[in-house]
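One structure is given below, encoded as structure tokens.
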Amino acid sequence: MDIFDCHSNAMTNTELEKQNAAKAALEYVKNGMVIGLGSGSTSEYMVRLLGKRVSHGLQVSGVASSNRTASLAKSLGIPLINLGEVAALDLYIDGADEVDSDFNMIKGGGGALLREKILAHNSKRNIIIIDSSKKVQKLGVFKLPVEIIPFSHKSISEQFRKMGLNPVLRENGNQIYSTDENNFILDTDIRKYPEHDLLNKTLLAIPGVVETGLFINYVDVLIMGNQALEKTEIFHHQRS
Ligand code: 5RP
């Protein structure tokens with residue numbers, strides 16, 4: 001029985017699309033691989049499926065992109081290692097908040113963008129798994145998360161405000177949201193900045209900005225669940 005069958009009747013199309021994309025990504029996993037494990041709900045489906053395969057004898061090691069994913073992977077018996085223990089990941093599988101027609105992405109809705117970008121950067125192949133709502137013509141309806149160090153959050157926020165980015169300091173209940181690396185996140189409106197590569201470089205040049213959720217040129221394979229077409233679409237992209 002499929003591990004998700006127990007609640008599939010109640011599943012929305014979006015959840016089915018996420019689940020189907022996650023299943024399709026598992027086809028790329030081979031024995032002996034070191035796999036980067038993404039964060040977020042789509043990645044969670046993938047990690048659960050991977051855990052099932054590991055319990056049936058698949059031998060892989062995982063590198064988790066967040067503490068949350070690490071806990072889930074451990075609970076499922078997926079062996080975890082640190083990034084420093086390997087020269088590169090064989091595969092990194094993760095979700096996204098938006099993917100545009102050039103295969104550039106906004107990520108970090110779940111707050112794990114820093115480790116996610118480090119894993120994507122250090123992987124031989126990146127597979128992105130999404131539901132169909134994430135595919136957009138142009139990035140920017142989703143607010144771009146920017147990870148910053150707490151020491152300078154007020155000055156960076158002011159600089160972003162002057163740039164027209166309408167920064168909002170992310171909160172968690174009544175508290176400022178803190179990332180796994182103990183940083184803060186500013187969620188920003190980038191619609192005035194259509195040159196995303198340039199914007200990324202401009203933001204990264206500001207002292208105290210640690211990383212942005214703009215993932216430029218990181219996708220090798222995009223897997224998108226599409227319930228309207230009753231299939232999962234797979235797009236291959238040649239990174240420049
Ligand atoms: C977390 C991320 C996630 O990949 C992104 O937010 C997508 O999440 P979901 O699969 O829940 O829609 O970047 O930092």
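Output the number of residues of segment 133-168 satisfying the condition of being within 12 Å of the ligand (Cβ to nearest atom) and closer than 20 Å to K18 by Cα. Before you say what the answer is, go through the steps one by one.
Here is the first cut: in segment 133-168, the residues within 12 Å of the ligand (Cβ to nearest atom) are 133-134, 142-145, 147.
Restricting the remaining residues to those that are closer than 20 Å to K18 by Cα gives 133-134, 142.
Result for segment 133-168: 3.
Regarding F151, is this residue surrounded by 15 or more Cβ atoms within 10 Å (Cβ to Cβ), of a type in the set (F, W, Y) and farther than 20 Å from A64 by Cβ?
In short, no.
Restricting to segment 51-90, and then to whatever is open to solvent by 50 Å² or more (accessible area, probe 1.4 Å) and hydroxyl-bearing (S, T, Y), can you tell me which residue is farthest from the chain's Cα centre (by Cα)?
By that ranking, first place goes to S55.
Rundown of residues vs (1) in contact with a strand residue (DSSP E or B) (Cβ under 6 Å, 6 or more places away or on another chain); (2) away from the ligand (no atom under 11 Å from the Cβ), yes/no style:
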site: T12; (1), (2): no, yes
site: A25; (1), (2): yes, yes
site: G32; (1), (2): no, yes
site: E44; (1), (2): no, no
site: L58; (1), (2): no, yes
site: T69; (1), (2): yes, no
site: L72; (1), (2): no, yes
site: I78; (1), (2): yes, yes
site: D97; (1), (2): yes, no
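Assess whether R48 counts as being closer than 23 Å to E181 by Cβ and open to solvent by 60 Å² or more (accessible area, probe 1.4 Å). Working first, answer last.
Details: closer than 23 Å to E181 by Cβ: no; open to solvent by 60 Å² or more (accessible area, probe 1.4 Å): yes.
So R48 does not fit the description; no.
Could we say that I93 is closer than 30 Å to Q59 by Cβ, hydrophobic (A, V, I, L, M, F, W, C), open to solvent by 40 Å² or more (accessible area, probe 1.4 Å) and within 13 Å of the ligand (Cβ to nearest atom) here?
Against the criterion (closer than 30 Å to Q59 by Cβ, hydrophobic (A, V, I, L, M, F, W, C), open to solvent by 40 Å² or more (accessible area, probe 1.4 Å) and within 13 Å of the ligand (Cβ to nearest atom)), I93 does not qualify.
What residue, of L83, L50, L113, L58, is in contact with a Gly (Cβ under 6 Å, 6 or more places away or on another chain) and of a type in the set (A, V, I, L, M)?
The conditions single out L113.
Quick one: which of L37, L83 is more than 15 Å from the ligand (Cβ to nearest atom) and either on the phi > 0 side of the Ramachandran plot or in contact with a strand residue (DSSP E or B) (Cβ under 8 Å, 6 or more places away or on another chain) (or both)?
Within the list L37, L83, the selection yields L83.
Taking segment 216-233, which residues are of a type in the set (A, V, I, L, M) and open to solvent by 50 Å² or more (accessible area, probe 1.4 Å)?
Passing the criteria: A228, L229.
Any residue in segment 87-108 that is within 19 Å of E17 (Cα to Cα) sitting within a Cβ distance under 6 Å of a residue that is of a type in the set (S, T, Y)? List the pairs, counting only those 6 or more apart or interchain.
Cβ pairs passing all conditions: D94/S43; G95/T42; G95/S43.
Is it true that some residue in segment 203-221 is free of Cβ contacts under 8 Å to residues at least 12 places away in the same chain and not charged (D, E, K, R)?
Keep residues of segment 203-221 that are free of Cβ contacts under 8 Å to residues at least 12 places away in the same chain, which gives 204-205.
Right, trim to not charged (D, E, K, R) and you get 204-205.
Yes, segment 203-221 contains at least one residue that is free of Cβ contacts under 8 Å to residues at least 12 places away in the same chain and not charged (D, E, K, R).
The values are calculated or read from the model by the stated rules, or taken from the named source; none is laboratory data. As the structure is a computational prediction, the values presented were derived from the model and not from experiment. Counting neighbours? That spans all protein chains shown, and the Cβs are built from the backbone with ideal geometry, glycine included. Accessible surface areas use protein heavy atoms only, side chains included; no ligands, DNA or RNA. Shrake-Rupley method; radii C 1.70, N 1.55, O 1.52, S 1.80 Å.
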